[in-house]
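Step one of this worksheet: look at the structure below.
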Amino acid sequence: MIEIRLGEDSFEQDIRPLVRAFFPREEIKVEIGGAWIEPKSLSLQGSAPRYQIGILHDERQIRIWFLADTDEETLLQREYHLEAPEPDRRIYKNLLKKQLYSILSEYTGRTLPWGTLTGIRPTKLAYEVLERGGQPQEIRDFMKEQYQCSEEKTELAIRIAERELTLLRKMDYQNGYSIYIGIPFCPTTCLYCSFASYPVSSYGAYMEDYLTALSKEMDYAAGAIPDKRLTTVYIGGGTPTALPAEMLERLLIEVRKHFPMEQVQEFTVEAGRPDSITREKLQLLKRYGVTRISINPQTMVERTLDLIGRRHTAAEVEKAFQMAREEGHDNINMDLIIGLPGECAEDVAYTLEHIEKLNPDSITVHALAIKRAARLKLKLDELDGLLPKDALRMQQLTAEYAASHGYEPYYLYRQKNITDNLENIGYARPGKEGLYNILIMEEKQTILALGAAGSSKLVYPAENRIERVENVKYVVDYIHRIDEMIERKRRILTETGGLGR
């Protein structure tokens with residue numbers, strides 16, 4: 001166990017994930033405030049934690065101490081004095097994280113590919129420099145000095161930001177907004193899933209009422225931002241195609257009834273689970289103007305599919321993909337996850353061999369993130385021996401595959417507790433990029449999120465400000481409290497006088 005003692009809670013959300021990145025399997029306990037205990041008085045014997053970290057800061061200094069329970073007790077103690085005449089929270093945070101990173105890197109002998117970056121979108125930093133006319137070298141210097149970011153990851157961030165900038169400039173995104181629609185139903189709940197996802201076997205009876213509530217929220221959203229043009233529509237979940245065909249058609253009709261789809265540049269539906277896809281549903285998606293779908297195997301290794309609760313086979317993935325092509329879908333994404341329990345680099349290579357035969361238009365590679373809401377979190381002890389130790393090699397394989405098959409990286413994001421401090425990255429062939437993915441990650445455009453667990457981001461560019469409006473997660477609560485969900489958005493938009501330009 002790692003015990004972190006903080007004088008105050010100012011930087012807990014920055015410190016905890018950084019420590020977690022170095023010690024991914026250790027339990028972390030945080031104590032805030034109270035009497036300050038000097039490191040020399042701490043005992044590392046008996047039932048005490050294996051590691052103890054203390055952080056104390058005031059207006060002029062940051063002090064960090066670190067103790068490790070090793071065969072030969074190690075005591076590292078650092079002090080850092082700020083020179084700034086007036087304290088600045090951002091400066092404090094960066095200095096604190098750099099010093100802590102140095103201590104933990106020295107002790108473990110490890111460096112992190114993204115350095116001290118936690119809770120920050122790397123491409124957003126690069127994008128903002130390029131957008132104001134800055135040069136790549138400025139980004140390189142900044143990422144190295146401020147965050148100890150590796151050259152490889154910095155170059156990746158620059159490359160993606162340059163591509164995003166080109167794509168966004170073609171979209172007139174400043175004068176637009178997007179819609180996200182959540183369908184929180186799935187055939188089953190996967191072991192790693194932390195999204196709002198409710199199995200059809202238990203929650204299918206709520207589908208009709210859910211669509212009724214969703215239609216009411218769509219009715220409000222249709223007129224909520226009258227001075228902006230609708231850019232993209234994204235239906236995710238859950239698994240939207242978990243809806244029966246007649247309900248899926250009802251949903252698609254409602255979307256076209258409420259929103260001006262003729263001006264939309266991208267209309268995406270996450271078909272997601274192959275065991276939810278039928279030819280009839282694929283025909284409906286095509287008939288109602290869906291331009292991009294995602295069929296997500298995560299892996300093509302049968303034993304892993306069984307372990308993570310996918311309840312479909314690799315053969316079903318291939319069948320669903322082939323049907324989609326036969327029905328005219330010409331922009332298909334496939335999601336893969338590296339770091340799944342029991343898998344090794346050879347398993348990822350096997351999956352890529354099968355994906356190659358299908359030839360999707362884009363692939364999105366996720367590094368497994370173990371979240372508190374996922375069942376996987378509860379099974380960590382049971383699966384300890386199955387957790388991979390070569391995730392970096394897995395990622396290298398996917399990057400090499402993408403480069404050799406004409407895919408270019410176009411968006412990237414990171415999550416807390418992500419495997420080996422890596423990232424999630426989308427690769428696409430030219431013209432097949434997921435525009436919504438760029439918009440949501442770079443936070444350059446307002447996105448109204450409808451449905452259970454929807455999280456709207458209202459962007460106020462003139463003020464460089466973002467307001468977030470959350471919907472309730474539980475499907476039954478959403479149905480019963482739909483008027484409240486609408487009022488939350490209405491109140492924020494009314495209070496702020498609209499979004500401006």
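The values are calculated or read from the model by the stated rules, or taken from the named source; none is laboratory data. On a predicted model such as this, the values are computed, not experimentally measured, just so you know. Glycine also receives a Cβ, built like all others from the backbone with ideal geometry; neighbour counts cover every protein chain displayed.
Residue by residue through the range 212-224, note down the ones that are surrounded by fewer than 20 Cβ atoms within 10 Å (Cβ to Cβ) and either not small (Gly, Ala, Ser) or not assigned by TED's automatic domain parsing to the domain that holds GLY272 (or both).
THR212, LYS216, ASP219, TYR220
Return only the number of the condition from (1) closer than 24 Å to SER215 by Cα; (2) outside any helix (DSSP H, G or I) that ASP477 does not satisfy.
ASP477 satisfies every listed condition except (2).
When you look at LEU168, is it within 25 Å of the chain's Cα centre (by Cα), at pLDDT 90 or above and within 20 Å of VAL290 (Cβ to Cβ), yes or no?
no
Residue by residue through the range 138-161, note down the ones that are surrounded by fewer than 22 Cβ atoms within 10 Å (Cβ to Cβ) and either in the same structural domain as GLN445 (by TED's automatic domain parsing) or among the hydroxyl-bearing types (Ser, Thr, Tyr) (or both).
SER150
Consider the range 305-317. How many of its residues are in a helix (DSSP H, G or I) and within 22 Å of the chain's Cα centre (by Cα)?
Result for the range 305-317: 1.
Would you pick out the residues in the range 275-304 that are within 23 Å of the chain's Cα centre (by Cα) and free of Cβ contacts under 8 Å to residues at least 24 places away in the same chain?
Hits for the range 275-304: nothing passes.
Tell me the strands (runs of 3 or more DSSP E) entirely within the range 407-471 that contain at least 1 residues that are assigned by TED's automatic domain parsing to the domain that holds GLU217 and over 30 Å from LEU392 (Cβ atoms).
446-450, 455-460, 465-470
List the helices (runs of 4 or more DSSP H) inside the range 115-194, counting only whole elements, that have at least 1 residues being in contact with a strand residue (DSSP E or B) (Cβ under 8 Å, 6 or more places away or on another chain) and free of Cβ contacts under 8 Å to residues at least 12 places away in the same chain.
Helices (runs of 4 or more DSSP H) meeting the threshold: none at all.
Can you tell me which residue in the range 225-254 is surrounded by the fewest Cβ atoms within 10 Å (Cβ to Cβ), limited to those that are in contact with a helix residue (DSSP H, G or I) (Cβ under 6 Å, 6 or more places away or on another chain) and β-branched (Val, Ile, Thr)?
THR239
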